[in-house]
Every structure is written in C-alpha cells, then in structure tokens.
Amino acid sequence: MHLLMISRVSIEDYFKQRDSAPLLDVRAPMEFSKGHIPGAHNLPLFSDEERAIIGTLYKQEGRETAILTGFDFVGNKWRKFIETAVELAPDKRVFVHCWRGGMRSGAMAWALDFYGFEVSVLEGGYKAFRHWILDAFEQDYKLWLLGGMTGSHKTEILHEIGLCGRQIIDLEGLAHHQGSAFGSMNKWTQPTQEQFENELGNILRGMHLQEAIWVEDESRTIGKVAIPNVFWKQMQTKSLIEIHIGREERLNFLTQEYGSLNKDFLIEKTEQIRKRLGFDRAALAIQAIKEDNMREFVSIVLDYYDKAYQGCISRRHPDTIHALQFEYATPRESAQIVMKFVRYITY
C-alpha cells in the first residue's frame, strides 16, 4: 500500500527553505502571467480555456460535475506533468501551489507523490502569498533615499552602495524602466503591476529591518507600474540625499546613454511628451534627433526634466532633504562620498 507523503507548509516556512526544492505553480498560464511567486515554475493543470469551462460548470452544475470534467481534461496529461517535474527536480522534491491550496494543487501533489516525489503544498496557495506580500509594505523601514536630477548617475551609485555591503532596492530595475518617457530604452518589457509588487515585497521580506535600506527617489509611477501607495508614502517621509552633479556631466552621460537608441523610438517618445515639453521645443528636439545631434536633443529634454524634478522635490518637507554637491568621478568614489556624508549628518 502506498502511503501519502504529502506535507503542508506555510508561506513563511516555504521562504525559509525555498532553495531546497523547485516551486510548481499549477494555475493556468493567464493566472501565472498576471502574477506569481518569484522563482516559481508554471506547470498548469488546465489551460486558460479549460479553466474557464470548469469555472462555469462549477457555478452552474456544481462541484462534482466540475471535478469530473477536470479529470477528462487532465487524463492524458499526467505523463507530461511527471516528466516535466522530474526535469525540474531530479531529486524528486518539490513545493506545489495553486490559487488557494485546494483541488488543483491537491491533484498534482497526489500524482507526484504516487510517482515517488516528496511533495509540500503551500497552505493558502497564491492567495496567502499575496496577503503576505501586501503586508510587507505596511512595515516601517529605515529608508535612505538617493535623489538628484536626471543624469546624476543615481542608479550606478546605488548599485555601488550595494556592493559596499549596504541593503539596496533598485526600483527601476524591478520595474524594467528608467522612469522617464524614454525609460524603456526600447528594449525592456515591464512586468504587470501585480508582479512588480510581488518582486518588491519579496525583496522587502528578505531585508534586515534594523539596518538601513537604500532606494532611489522615484515618482509614484515608474513607467506603467506604480509603487504601492503605503510604501511610497513612507518614502516621502524619509531622509533624502540629494546629489548635485554639474549639468555638463549629466549632459555627457545622457548623450552617451541615449545616443545609441533607435531614432524612431526617440521621436515617438518625444511626440508623447510634446504638450509637456512645449510644441516648439519638441519640434527642435525631433529635428536634433533627425540630424543626429544627440547632445542638443538631450539638452532640450533635460531642461524639461530638471523643471519636473524641482517640482517634485519642492513637495517634500525641507527637513528631509540633505543636499550633497560634488564632482562626479566614478560610481565607487561617489558611493563612498555619499556614505561618508550620511555618517557625518547622523553622528
């Protein structure tokens, strides 16, 4: 007789041992693409179409009819499920979850267990994970914000602060966007809002609450995704190191960064901010792009972004802003200057 070796683990316990085995998300592809636990592998029990049919049957004809139809859909898939699971977990140890840790994860767990897997089902499934993630934004964090006008090398300096052993969160990296109208850099696709929250909350859950966390000062939205409101409001109350780097250095940096981008992409994005930039200045910027005069294009756009930044910074409480002016050299040297400055103003 085969004895079931299926266990159940809480979300908190899963994250303590997540590196010990792969996580299989058996929800439909559409559910997974909207949002999933970072690092999970999608092994859908049903296709999107099958899930929709079963959901309708459940509501109209009841649980038993839906279950029987589910068996019809899954009948010839079990071999592929098991082969895929073996590829992902050669040692036959996996975590499994669905939406609420119910029938779909239970069915997959039963089949894998029967084949010889050691299976742990996540209690509450993805729904419990989402609650766990959203709760993370409610915590009070020791944040230090790194601010400055566009082109101030903030992201590079932030990463160097991380390499120096400090806790950092790269919000633009998580958003796959640099924040400006040109922030996709014609190469990045942004995550869904839900997945952005999942990634950010997952990082916050791994932070040491007694230690400082460095983040870039950001607008509420980064491209098409938004920083969770409760966390963003907390950011607005924390100390901000406003780095002042000369316009020429910023202009050189952005000219180099934007210079290799596709001209059609730059023109399209400039058109999108034509009203805010001003019709005449937008026309001059587009002309500069067509003439391959990238420095002039960047100079025109930079005037707009500098004004926008000043508007944002003016809404912060003055006591939270600590201005730091220096001549930029390298990300490492700049990071050391910033950290030395923080030690100076806090002791």
Item to check | Flag for Gln336 being of a type in the set (S, T, N, Q), over 21 Å from Ser219 (Cβ atoms), out of contact with any strand residue (DSSP E or B) (no Cβ under 9 Å at 6 or more places or on another chain) and part of a helix (DSSP H, G or I) | outcome: yes
Checklist entry - Of all residues in the range 64-99 being of a type in the set (A, V, I, L, M) and assigned to a helix (DSSP H, G or I), which is surrounded by the fewest Cβ atoms within 10 Å (Cβ to Cβ)? => result Leu68
Checklist entry - Restricting the search to the range 304-344, which residues are surrounded by 10 or more Cβ atoms within 10 Å (Cβ to Cβ) and without any contact (Cβ under 8 Å) to a residue 60 or more places away in the chain? => result Tyr304, Lys307, Ala308, Gln310, Ala329, Thr330, Glu333, Ile337, Lys340, Tyr344
Checklist outcome for this item: Among strands (runs of 3 or more DSSP E) entirely within the range 115-177, at least 1 residues that are on the phi < 0 side of the Ramachandran plot, touching a strand residue (DSSP E or B) at 6+ places or on another chain (Cβ under 8 Å) and not assigned by TED's automatic domain parsing to the domain that holds Glu83 occur in 143-147, 167-169
Checklist entry - Is it fair to say Ile337 is farther than 19 Å from Arg166 by Cα and modelled with pLDDT of 95 or more? => result no
Checklist entry - Where residues in the range 177-201 are surrounded by 19 or more Cβ atoms within 10 Å (Cβ to Cβ) and hydrophobic (A, V, I, L, M, F, W, C), which of them is nearest to Gln139 (Cα to Cα)? => result Leu200
Checklist entry - Does the range 316-328 contain at least one residue that is assigned to a loop (DSSP other than H, G, I, E, B), in the same structural domain as Asp217 (by TED's automatic domain parsing) and closer than 23 Å to Gln167 by Cα? => result yes
Item to check | Answer from Ile273, Ile241 - the residue that is of a type in the set (A, V, I, L, M, F, W, C) and at pLDDT 95 or above | outcome: Ile241
Checklist entry - Has the range 29-41 got any residue that is assigned to a helix (DSSP H, G or I), in contact with a Leu (Cβ under 8 Å, 6 or more places away or on another chain) and surrounded by fewer than 16 Cβ atoms within 10 Å (Cβ to Cβ)? => result no
Checklist entry - Among Thr84, Thr56, which is the only one that is in contact (Cβ under 8 Å) with a residue 12 or more places away in the chain, assigned by TED's automatic domain parsing to the domain that holds Trp110 and hydroxyl-bearing (Ser, Thr, Tyr)? => result Thr84
Checklist entry - So which pairs qualify, if the first residue must be in the range 34-48 and within 21 Å of Ile11 (Cα to Cα), the second must be surrounded by fewer than 21 Cβ atoms within 10 Å (Cβ to Cβ) and of a type in the set (Phe, Trp, Tyr), the Cβ gap must be under 9 Å, and the two must be at least 6 apart or on different chains? => result Ala40/Phe32; Asn42/Phe32; Leu43/Phe81; Pro44/Phe32
Checklist outcome for this item: Across (1) in a helix (DSSP H, G or I); (2) in contact with a Phe, Trp or Tyr (Cβ under 7 Å, 6 or more places away or on another chain); (3) within 26 Å of Gln310 (Cβ to Cβ), Trp214 clears everything bar (1)
Next on the checklist: Considering only the range 240-254, I want to know if a residue exists there that is surrounded by 18 or more Cβ atoms within 10 Å (Cβ to Cβ), of a type outside the set (Gly, Ala, Ser) and in contact with an Asp or Glu (Cβ under 6 Å, 6 or more places away or on another chain).
Outcome noted: yes
Item to check | Filtered residues of the range 218-241 (kept if assigned to a loop (DSSP other than H, G, I, E, B) and either among the hydrophobic types (A, V, I, L, M, F, W, C) or touching a Cys at 6+ places or on another chain (Cβ under 8 Å) (or both)) | outcome: Ser219, Ile227
Checklist entry - From the set of residues in the range 178-201 that are aromatic (Phe, Trp, Tyr) and in a loop (DSSP other than H, G, I, E, B), which is farthest from Ile286 (Cα to Cα)? => result Trp188
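The values are calculated or read from the model by the stated rules, or taken from the named source; none is laboratory data. Quantities reported herein were computed from a predicted structural model and do not represent experimental measurements. Backbone-built Cβ (ideal geometry, glycine too); neighbour counts: all protein chains shown.
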